[in-house]
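Accompanying notes for the structure given below.
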């Protein structure tokens, strides 16, 4: 049974930066020789999240505007009073989306839809170097043991 844990490292700009991770995750699934199973992604930290979306400029801009309406940057956040770092909104946004994502793998391929990509959302108010933990597990393709 293949089981692999690795990391993807990404430099972000912050301020709701949206980064496509699909190709990097796909490469790890292919390298594992996984036939059926899943890939789980987790981002350590409380100001970034993972989700799927069509990675197209119009949809990305629509998403950013929707996020701003849900948790506006200029709203009062108690976190800012305690820490003075001005990123209370980024913690709330990350909590809404979540820090992990699991995608089934069937026949050696992730079961993403045609226009569905895996993205990292960095909500912090400054550039960051982000780590994404990638765990691939399941059954190997026949003849690769």
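No value in this document is a laboratory result; all are computed from the given coordinates. Everything quoted here is computed from the prediction, not taken from an experiment. Ideal geometry is used to build each Cβ from the backbone, glycine not excepted, and the neighbour counts take in all protein chains shown.
Observations on the model:
- Residue 76-residue 5 pseudo-label distance in nm [points 7 Å out on the Cα-to-Cβ vector]: 4.3 nm
- Each Cα pair under 8 Å and six or more residues apart adds its sequence gap; the mean of these over the residue count of the stretch 38-141 is a relative contact order of 51 percent.
- Calculated mean residue ellipticity, 222 nm, the chain: -8000 deg cm²/dmol, from DSSP H runs (n ≥ 4) at -39500 (n - 2.57) each, averaged per residue and rounded to 500.
- 0 to 90° range, to nearest 10: angle between helix 57-70 axis and the chain longest Cα axis: 50 degrees
- Gyration tensor verdict on the chain (Cα atoms; rounded if a/c is under 1.5, prolate if a/b is larger than b/c, oblate otherwise): prolate
- Relative to the longest principal axis of the Cα atoms of the chain, helix 22-31 runs at roughly 30 degrees.
- Ranking of 34, 121, 101 by count of other Cβ atoms within 10 Å, fewest first: 101, 121, 34
- Folded to 0 to 90 degrees: helix 88-97 orientation relative to the chain principal axis, Cα: 30 degrees
- Packing-based exposure ordering (other Cβ within 10 Å, fewest first) of 122, 15: 15, 122
- Cβ-to-Cβ counts within 10 Å put 137, 115 in ascending order as 115, 137, the fewest first.
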